[in-house]
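Novice: Pasting a structure below so you can have a look.
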Amino acid sequence: MAKKTTSLDLIKHHAERLTPLSTKAPFVLRITEWRDTPIPVLVVKERQYRDQEEASRGTDGQRRRARPILIERGSLHGEPLHRCLPILRRVVEGVVDAAGIPLELSRYLTAEGLRLRGNLPLDEEAGAKLALIFRLQDRIQNLDRVELIAHRVRQFTREEAAYWLSRTTSFGPIANRWALSGLRTMLGGHAEDKGVQEMLERLKLVA
């Protein structure tokens, strides 16, 4: 189906440049479909390596390769996706290959590109930022708050994004939930706060 609705140039670019990188990238952005969910759905997955200790020393004296797995970190669809799409394009436009050549990922966050189904390779910075945006927007009904959070996460440095993502994923269900709740308030205020609109308009002027 994707081949009928997505340009051959984009399909070729994805197959030749992006698919090989997606098997090793620290994060991937999956463009997919879910039952009973508006299409498309964007899913961020982080690549992690199990058995790191065994990989470094080996229980039998032989060096073993760590086993990579992809862990889902968040998803985005429907109105929040469309509201945040311009910001998401800004986040991924700096992703490059090993030679420093841009991967042109923003082409896939367009009406045409979102018809494709597959994985896009992300570096640590883009992956952590998208994962944070996707996790933080979950359950927020106010789209102004969602957009405000996305703008402010985009302004994070790579180190800040990686740190805050770890605070929402690595400390157990309760601590992770508290970190998400605190970040939502820190970055997006409260639902009835009139400052949300003022802050959002200010960020749009400099975006």
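Novice: Within 10 Å, count the other beta carbons around each residue, average over each peptide in 95-102, 22-29, and list them highest first. Don't jump to the answer; show the numbers that get you there.
Specialist: Values: 95-102: 11.0, 22-29: 19.6.
Peptide ranking by packing, descending: 22-29, 95-102.
Novice: Could you calculate the contour length gain from Thr110 to Ile69, that is, 0.36 nm times the residue separation minus the distance between their Cα atoms, to one decimal place in nm? Show your work: numbers first, answer last.
Specialist: Values: separation 41, 0.36 × 41 = 14.76 nm, distance 2.83 nm.
Computed gain between Thr110 and Ile69 is 11.9 nm.
Novice: What are the extents of the Cα atoms of the stretch 109-172 along their three principal axes, listed from largest to smallest and rounded to whole Å?
Specialist: For the stretch 109-172, the Cα spread along each principal axis is 37, 29, 24 Å.
Novice: How much of the accessible area of the chain, in percent, comes from carbon and sulfur atoms when a 1.4 Å probe is used? Each step should come with its number before you reach the end.
Specialist: Values: 5980 of 11760 Å².
It is 51 percent, rounded to a whole number.
Novice: In Å, the Kirkwood hydrodynamic radius of the stretch 88-143 over pairs of distinct alpha carbons?
Specialist: Numbers: mean 1/r = 0.0802 Å⁻¹.
This gives a value of 12.5 Å.
Novice: What share of Cα pairs, in percent, lie more than 20 angstrom apart in the stretch 129-207? Before the final figure, lay out the partial values.
Specialist: On the way: 889 of 3081 pairs.
The share of Cα pairs beyond 20 Å in the stretch 129-207 comes to 29 percent.
Novice: So what's Rg/Rh here for the stretch 62-174, counting alpha carbon atoms and using the Kirkwood radius for Rh?
Specialist: Details: Rg = 15.2 Å, Rh = 15.3 Å.
Value, to two decimals: 0.99.
Novice: Using Cα-Cα distances under 8 Å and only pairs 6 or more residues apart, what relative contact order does the chain have, in percent?
Specialist: Values: 307 pairs, mean separation 43.4, N = 207.
In percent, rounded to a whole number, it is 21.
Novice: Let me ask you something else. Is there a quick way to get the dipole size of the chain? I mean about its Cα centre, with the Cβ of Lys and Arg at +1 and of Asp and Glu at -1; what is the value in debye to the nearest 20?
Specialist: Details: 35 positive and 27 negative charges, 84 e Å.
So the magnitude is around 400 debye.
Novice: Sum -39500 (n - 2.57) across every DSSP H segment of at least 4 residues in the chain, then divide by the residue count to get the 222 nm mean residue ellipticity, nearest 500.
Specialist: -14000 deg cm²/dmol
Novice: In Å², and per residue, what accessible area does the chain have when probed at 1.4 Å with the other protein chains present?
Specialist: Numbers: 11760 Å² over 207 residues.
Value for the chain: 57 Å² per residue.
Novice: Shifting gears a bit: How much net charge surrounds Pro173 when only the other residues with a Cβ under 14 Å from the Cβ of Pro173 are counted, with Lys and Arg +1 and Asp and Glu -1?
Specialist: Numbers: positive: Arg135, Arg167, Arg177; negative: none.
Its environment carries a net charge of +3.
The values are calculated or read from the model by the stated rules, or taken from the named source; none is laboratory data. Keep in mind that what you see is a predicted model, and the values were worked out from it rather than measured. Using ideal geometry, Cβ is built from the backbone for each residue, glycine included, and neighbour counts are taken over all protein chains shown. Just the protein is used for accessible areas: all its heavy atoms, side chains included, with ligands, DNA and RNA removed. Shrake-Rupley method; radii C 1.70, N 1.55, O 1.52, S 1.80 Å.
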